[in-house]
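Asker: Can you keep this structure in mind? I'll have questions shortly.
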Amino acid sequence: MPIWSVMGVDEQPDITLQHWRVYETERGEHHFVGYCVENHSGRVSSAIVSYDVKLRAGITRSGRRYVLSGEPGFDQDALHVWSFWSLRNGVTEKRDVSSEYSGQPEEDSPRVQG
């Protein structure tokens, strides 16, 4: 699966994610990872700077707004993009913090490599 460049924030200010996760890196940054409904592809966001639990929407460092649709899940294309993105950005550890964004009870989620 190739990795495509994405439209700029001015062209696509809002993204809806399904089958999403949120990963925390060893730098303490949180990133949305999921299936982008608008582009029909996997997506990884820049670092999340704010999040509204009631609206289930967050703003990232790029200024883009991500809306989370449905419950956390997994999308093969999104995981592929995450793997590539992690390698390119020097991420060596991640921790799944999706429950913080879904309102579901916390699970013990240790840091894992990659």
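Asker: Do any GluC sites (Glu not before Pro) in segment 1-80 lie in a DSSP loop with no more than 13 other beta carbon atoms within 10 Å, and if so, which?
Answerer: Hits after loop and neighbour filter: Glu11, Glu26, Glu38.
Asker: Also, quick follow-up: Counting other beta carbons within 10 Å of each residue's own, what order do Leu79, Leu17, Leu68, Leu87 fall into, fewest first? Could the numbers behind the result be given before it?
Answerer: Details: Leu79 16, Leu17 27, Leu68 23, Leu87 11.
Ranking Leu79, Leu17, Leu68, Leu87 by Cβ neighbours within 10 Å, fewest first, gives Leu87, Leu79, Leu68, Leu17.
Asker: Looking only at segment 24-55, which residues have a backbone nitrogen under 19 Å from a spot 7 Å from the Cα of Gln18 in the C-beta direction?
Answerer: Hits in segment 24-55 for Gln18 at 19 Å: 32-45.
Asker: Okay, moving on. Give me Phe84, Phe74 sorted ascending by neighbouring Cβ count inside 10 Å, so fewest comes first. Don't skip to the answer; put the middle values down first.
Answerer: Values: Phe84 15, Phe74 12.
Final ranking by Cβ density, sparse to dense: Phe74, Phe84.
Asker: How would you classify the chain from its alpha-carbon gyration tensor, with a ≥ b ≥ c the square roots of the eigenvalues: rounded for a/c under 1.5, else prolate if a/b is greater than b/c, otherwise oblate?
Answerer: Numbers: a/c = 1.44, a/b = 1.10, b/c = 1.31.
Verdict is rounded for the chain.
Asker: Can I ask one more? Would you mind ranking Val22, Val44, Val67 so that the residue whose beta carbon has the fewest other beta carbons within 10 Å leads the list?
Answerer: Val67, Val44, Val22
Coordinate-derived values only; no laboratory data. In this text, all values refer to a predicted model and were calculated from it rather than measured experimentally. Note that each Cβ is placed from the backbone with ideal geometry, even for glycine, and that neighbours are counted across all protein chains shown.
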